[in-house]
There are 4 protein chains.
Amino acid sequence: MVGGGLGAYIGGIHRYAARLDNQFELVAGAFDVDAARGHAFAADNFIEADRSYDSFQSMVEGERNRPDRIDAVAICTPNHTHFPIAKAFIEAGIEVICEKPMTTTIEDAIALHDLAKETGRFVGVTYTYSGYPMIHEARAMVSRGDLGKIRVVQVEYPLEWMATGIELQGNQQAAWRTDPKKNGRGGSIGDIGTHAYHLAGFVTGLKAEAIAADLATFVEGRALDDNAHVMIRYEGGARGLLWSSQVAIGQSNGLRLRVFGEKGSLAWHQEAPNELVFTELFGAPKVIKRGRDDLSLETRARTRTPPGHPEGYIEAFSNLYQGFAESIRAKADGREPNASGANVPTSYDGLKGVAFVDAVVDSHEQGGGWLKPKFA
Amino acid sequence: MVGGGLGAYIGGIHRYAARLDNQFELVAGAFDVDAARGHAFAADNFIEADRSYDSFQSMVEGERNRPDRIDAVAICTPNHTHFPIAKAFIEAGIEVICEKPMTTTIEDAIALHDLAKETGRFVGVTYTYSGYPMIHEARAMVSRGDLGKIRVVQVEYPLEWMATGIELQGNQQAAWRTDPKKNGRGGSIGDIGTHAYHLAGFVTGLKAEAIAADLATFVEGRALDDNAHVMIRYEGGARGLLWSSQVAIGQSNGLRLRVFGEKGSLAWHQEAPNELVFTELFGAPKVIKRGRDDLSLETRARTRTPPGHPEGYIEAFSNLYQGFAESIRAKADGREPNASGANVPTSYDGLKGVAFVDAVVDSHEQGGGWLKPKFA
Amino acid sequence: MVGGGLGAYIGGIHRYAARLDNQFELVAGAFDVDAARGHAFAADNFIEADRSYDSFQSMVEGERNRPDRIDAVAICTPNHTHFPIAKAFIEAGIEVICEKPMTTTIEDAIALHDLAKETGRFVGVTYTYSGYPMIHEARAMVSRGDLGKIRVVQVEYPLEWMATGIELQGNQQAAWRTDPKKNGRGGSIGDIGTHAYHLAGFVTGLKAEAIAADLATFVEGRALDDNAHVMIRYEGGARGLLWSSQVAIGQSNGLRLRVFGEKGSLAWHQEAPNELVFTELFGAPKVIKRGRDDLSLETRARTRTPPGHPEGYIEAFSNLYQGFAESIRAKADGREPNASGANVPTSYDGLKGVAFVDAVVDSHEQGGGWLKPKFA
Amino acid sequence: MVGGGLGAYIGGIHRYAARLDNQFELVAGAFDVDAARGHAFAADNFIEADRSYDSFQSMVEGERNRPDRIDAVAICTPNHTHFPIAKAFIEAGIEVICEKPMTTTIEDAIALHDLAKETGRFVGVTYTYSGYPMIHEARAMVSRGDLGKIRVVQVEYPLEWMATGIELQGNQQAAWRTDPKKNGRGGSIGDIGTHAYHLAGFVTGLKAEAIAADLATFVEGRALDDNAHVMIRYEGGARGLLWSSQVAIGQSNGLRLRVFGEKGSLAWHQEAPNELVFTELFGAPKVIKRGRDDLSLETRARTRTPPGHPEGYIEAFSNLYQGFAESIRAKADGREPNASGANVPTSYDGLKGVAFVDAVVDSHEQGGGWLKPKFA
């Protein structure tokens, strides 16, 4: 693991996720830009001293030639460092699990994706919410035509925690997220809008043809957008609306997706992730619960408990790790991944995410007109 | 009443609404373009035969010189007839209660609004949802600063019933709503988007500075939009997103408003109208229930039952009628309306609604750029 | 109307209910034990002075021989007066609409029911909640076997408003409800438990075979129970659990019914009355909405608005009034009532309700053992 | 681990729970009564062959004298075997984590509790639902007086999965649960009613003074109750109502607790476990979310993710394991457990649970009268 040490949030989640299914063991890391603090953290986490590194560069060097070298590295650092770190590990022949957004520039995203293709290294990108089992069910339902041709996609990702200028009051998590050098060009749209966009595409299989956007910055002194409105035109005629916000008081983690087709609709809310509401044309809404035996193979492969025994965010994250493990194994074995490894987000998803943010910021800066994302 | 006879939907609602509070008595009408059917309907509704008219023109003539002539007329006809009917009654000195949209063209809307101002006739427009008591509470809360300066407005009005081409299969209600000559330039945006837009403005007091829109028609052969996405910039910097749809399977009458300010947020859903969820910055969401003694005067003036005894759509409509009655009386008495008559939608609201639809259609036709509505 | 004047709560609801469907006109009343206050109230409500009476006795005398005498009287007084008032009007040949509980003693209940049968007078009892359309749908579903044989009934009616000793602080509504002479032997069980019991029986058609009860009084100085727990054994083997409470903080009007059968289950909550959740064995819960075309005839006869346009408490009450009107007309015409008059609560329902309260209080006083209600 | 092998449900949950927080490592087991199947399972789970045992007896023998012997054993077998297994491990000086109910007879429960006290061995009992963070918050709120003196407790635990006679169709999980020899005297009341009873006592701190019960068996041929209704009188005057059911169609895992006091009320539902609804007297219900910084120390010690990132059943179970680990360590260190180990369920909770089931069955068999549980 690179990053994710003391005070980090997402690093701990990666560790829970890796541990739950017993598919990965954490054996090495460069946990902190402050090397001493990183070593202390490593010791607390039962990492052998000689595999706690001062920097990602020394980690690459230390691991690349070990006989028991790591199979994969998890990159849990601020956005602007994803690219050099991922590149270094890939070049050392190590598989990569990278936080989103994959990079902060479209050029880096292209380069990383190309590098992954050339080297054959696996690059998984943690579009966390695509790990939820009922999201896989939604995808399966759309894919097999339960909703008919898709017409309208409504997706939103509102958050409250940055509703005030906490980055000016010492909050480190907020500080780098509002710094264009570290976060990239998009504020809310880069941090969370990209999750929403990925989720909508993941479930519907639709590709954006054009977007038109309006960004706003509500907290005084903030350097990036903290609210984004995006209209989307998908190939084939479907229309989408995407809202991301970091100033939405009352919204803890309000990612919500609704998909409307010619024959039915689906609704899912991240804060009640074990349910999917499905309504057929003029029918009564049905509450489909995770854990049922009649759900898709991909859904059941991501399910640990029966209906009514809620699974949550950590399990969703674990599903990504399980999927990454299966993808890496399948690659090694020269076979297709099984259901647990199907459809995991990889470097092309990462590239599409960066291209989306780029198009959104461009559209806004050009006065709101329609633009085509470079990759979709 | 003009229109609203056999087979009509909204006419019956107007009659319930008028009756509930005992402020109006239905005594005359031209209920149907088919005069015989209209007379039969009148007889069934205890209307004296000499006050059941063949047409709105004959009703104006018949009523204008009676000593017991009607105080007000309710216009429940398809959109394109609102203007001539309203104009005729106003010119006869009769107050008007008119369905929305007030007219189908901006020119007519301006003319009607000007006529109302010149003649001093009352023109109430049935923006139904502004009759709900908790909407008045929301308005009071925003107005007294409970939410701080407003940043973001999310409003949507999705419906399912026109998800297929029912207008081609003999559904009269759908037929005129999809006919540009009868409904006006906007399809979903004119029929229901205008409700959503009014509600957002009613609660927040914000005026739109610019809008950018994307319309779509999903049902084959339909002549007007059945899905609309609109980005809104309000004066003072707030941003809005509006979605209206007539093809949203599973959405019975899904009008929903969320308002986010610097200090708090509000959420309201028309299908659970007795509650308002209010969240203060970093606070626990509170479910505020209709019927409490500590709500605003305007809210309590629109309340008939205690908390937990649900009021609904008919009561909301009745609140409009009660407000229209109070407005008409207050005008006659030369005084300000009391709380029950405060803030009722009138011809200027009607005009703004038509201007909004006009701007939306223009924006879409011009490729989605920002436009300023002519009235806001 | 007898009672229901200034300061009364339920009288106003009766008037809304009578008015909404235009089936009754309020023309006479003895609105208050304080005759002057009653006359003032009558005048405010457009009652002719000669039909505003000093007392129910003078009203019986005044009305009985008028050619335009009232068809029916609504009795909205405290419980202990229901019997003498109802008796007097019945004996004068006038139909009766009576608040629940019908009487405060089982003897009076028997006498009144017998009198109704003998005289052929209609006695409707306002078990309000059986007026909700989705309750009729629930009944229809049980009746046609959608749930299979019923096994378990869970019904509860918790309220908050008497959680403190407000009867000692001048609240008139609470004062008579906590006075055994006026309210009868049961406190919460008589005031609201009887609603819950009626609803469970109404929907399931089950008759109680035995009950075992535990009453409690939590507010100091209160003379009647304010919380009741009742276990029920129904004929045929089904089991029930009933909870009524007047001290349940947070519960505005929390009547809730759940029915479980061999093939399916139903859930309904009074505060969201437009929906019924139906689940078939191992199926996905379905949200059935009021207003659909495929609901039962009895449901549709009690429906005014389409799905998504909420109806509420006043409409439910109106459905009772509509049903009473139809029952009275059908009786006069010597025919069966149509769907709108089917299954309205009458004196036998009133009698069963009083017998239930009696059995509950007896069971509690005898230490909680099983007792059979005298009528079920 | 004893039991929990192939086809078992709860064993897998124990393993997830142990792994998530990295406090336990699974190193030995007797996973199956079919030894060969058990060994195969062990091998699949990376257990060294010499620590995969044929039976719990051989496991006790094999482990007791190893220098690296297990610290604790998790007992995941059918109920009737808990006692001999726990006894054997305790006598070998090994700490015990035992599924509920702790034993199938009150005598065994007393004996086991006494043995734990005498030997000083830790016996944790997996009353899973007391591991949920918001349950700890509820307990903290009651304990510090936020609700005032408790008046009413409503607790229910309905399930659907045994609504038909699946035990007769080869379902092993259902088979032992409906076998009095394996499950004990109580059916639904022993399997899940005991969870509900524990949860109510855990949150409120109340002790039952008397209970009165009504059991029913709805599935033909089933030997134990599958539905139980229990009225509870707590010391100090509070009243409770408990419902457990294995035939409640539509209820996946419907454990629900509501507590009403003189000053406020709380509601919690296991299927939405990240929220607690708290209402103060005549106040607006507040939705308190897991993850907030202002929750109790005990709650925060059981929290891994911020608000809006749902935790679920596995995390609740992990909290028990974390609490057991901390309890065992604190005992070894001769100190009090910290917040993460506070209030974990131990043998006395197990004993109270068995005593409750015993009293319920006795009350029912004696015709429903009030009985005092032997331990509370």
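The values are calculated or read from the model by the stated rules, or taken from the named source; none is laboratory data. These figures come from a predicted structure and were not determined experimentally. In this analysis, Cβ positions are derived from the backbone assuming ideal geometry, glycine residues included, and neighbour counts consider all displayed protein chains.
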Please find, within the range C:268-282, the residue that is farthest from the other protein chains (Cβ to nearest Cβ) out of those that are of a type in the set (Asp, Glu) and touching a Lys or Arg at 6+ places or on another chain (Cβ under 8 Å). C:Glu275
Report yes if some residue within the range D:296-318 is aromatic (Phe, Trp, Tyr) and not assigned by TED's automatic domain parsing to the domain that holds D:Ala175; otherwise report no. yes
Taking the range A:307-341 and keeping only residues that are within 21 Å of D:Arg304 (Cβ to Cβ) and of a type in the set (Ser, Thr, Tyr), one is left with A:Tyr313, A:Ser318, A:Tyr321
If we ask which residues in the range B:360-376 are within 15 Å of A:Asp214 (Cβ to Cβ), more than 10 Å from chain A (Cβ to nearest Cβ) and assigned to a loop (DSSP other than H, G, I, E, B), their number turns out to be 1
Out of all the residues in the range B:268-307, which are of a type in the set (Lys, Arg) and either buried (at least 23 other Cβ atoms within 10 Å of the Cβ) or touching a residue at least 24 places away in the same chain (Cβ under 8 Å) (or both)? B:Arg290, B:Arg300, B:Arg302
Take the residues in the range B:254-267 that are away from chain C (no Cβ under 13 Å) and under 19 Å from the mean Cα position of the chain (by Cα); name whichever of them is surrounded by the fewest Cβ atoms within 10 Å (Cβ to Cβ). B:Arg258
Expected single match for within 14 Å of chain D (Cβ to nearest Cβ), modelled with pLDDT of 95 or more and closer than 23 Å to B:Gly240 by Cβ among A:Ile192, A:Ile232 is A:Ile192
Looking only at residues in the range A:283-318 that are facing another protein chain (nearest Cβ under 7 Å) and among the hydrophobic types (A, V, I, L, M, F, W, C), which one is nearest to D:Ile13 (Cα to Cα)? A:Ile314
Among the candidates C:Val125, C:Val73, C:Val142, single out the residue that is touching a Pro at 6+ places or on another chain (Cβ under 7 Å) and either surrounded by fewer than 22 Cβ atoms within 10 Å (Cβ to Cβ) or in contact (Cβ under 8 Å) with a residue 40 or more places away in the chain (or both). C:Val125
Taking the range C:176-208 and keeping residues farther than 24 Å from C:Gly250 by Cβ and over 17 Å from the mean Cα position of the chain (by Cα) leaves C:Trp176, C:Asp179, C:Pro180, C:Lys181, C:Lys182, C:Arg185, C:Leu206, C:Lys207, C:Ala208
Consider only pairs whose beta carbons are under 7 Å apart and that are at least six residues apart or on different chains; among these, list those whose first residue lies in the range D:195-206 and is in the same structural domain as D:Lys352 (by TED's automatic domain parsing) and within 17 Å of D:Val125 (Cα to Cα) and whose second residue is of a type in the set (S, T, N, Q) and outside any helix (DSSP H, G or I). D:Ala196/D:Ser244
Here's a check for you: in the range C:308-356, which residue that is in contact (Cβ under 8 Å) with a residue 40 or more places away in the chain and in a loop (DSSP other than H, G, I, E, B) is farthest from the chain's Cα centre (by Cα)? C:Glu311
Scan the range C:37-63 for residues that are surrounded by 13 or more Cβ atoms within 10 Å (Cβ to Cβ) and not in a helix (DSSP H, G or I) and report the count. 6
If the requirement is being in the same structural domain as B:Ala359 (by TED's automatic domain parsing), touching a residue at least 60 places away in the same chain (Cβ under 8 Å) and closer than 15 Å to B:His195 by Cα, which of these qualifies: B:Gln251, B:Gln246? B:Gln246
Subset of the range C:237-253 that is within 14 Å of chain B (Cβ to nearest Cβ) and under 27 Å from C:Trp370 (Cα atoms) - its residue that is surrounded by the fewest Cβ atoms within 10 Å (Cβ to Cβ): C:Ala248
Can you tell me which residue in the range C:1-30 is nearest to C:Pro78 (Cα to Cα), limited to those that are crowded, with 23+ Cβ neighbours inside 10 Å, more than 14 Å from chain B (Cβ to nearest Cβ) and not small (Gly, Ala, Ser)? C:Val2
May I ask you to verify whether D:Ala109 is in a helix (DSSP H, G or I), crowded, with 23+ Cβ neighbours inside 10 Å, in contact with a strand residue (DSSP E or B) (Cβ under 9 Å, 6 or more places away or on another chain) and not polar (S, T, N, Q)? no
Residue by residue through the range C:14-36, note down the ones that are assigned to a helix (DSSP H, G or I) and charged (D, E, K, R). C:Arg15, C:Arg19
Of the criteria (1) within 20 Å of B:Gly261 (Cα to Cα); (2) more than 10 Å from chain B (Cβ to nearest Cβ); (3) crowded, with 24+ Cβ neighbours inside 10 Å, which one A:Val203 fails: (1)
If a residue must be among the β-branched types (Val, Ile, Thr) and buried (at least 24 other Cβ atoms within 10 Å of the Cβ), how many such residues does the range D:308-356 contain? 3
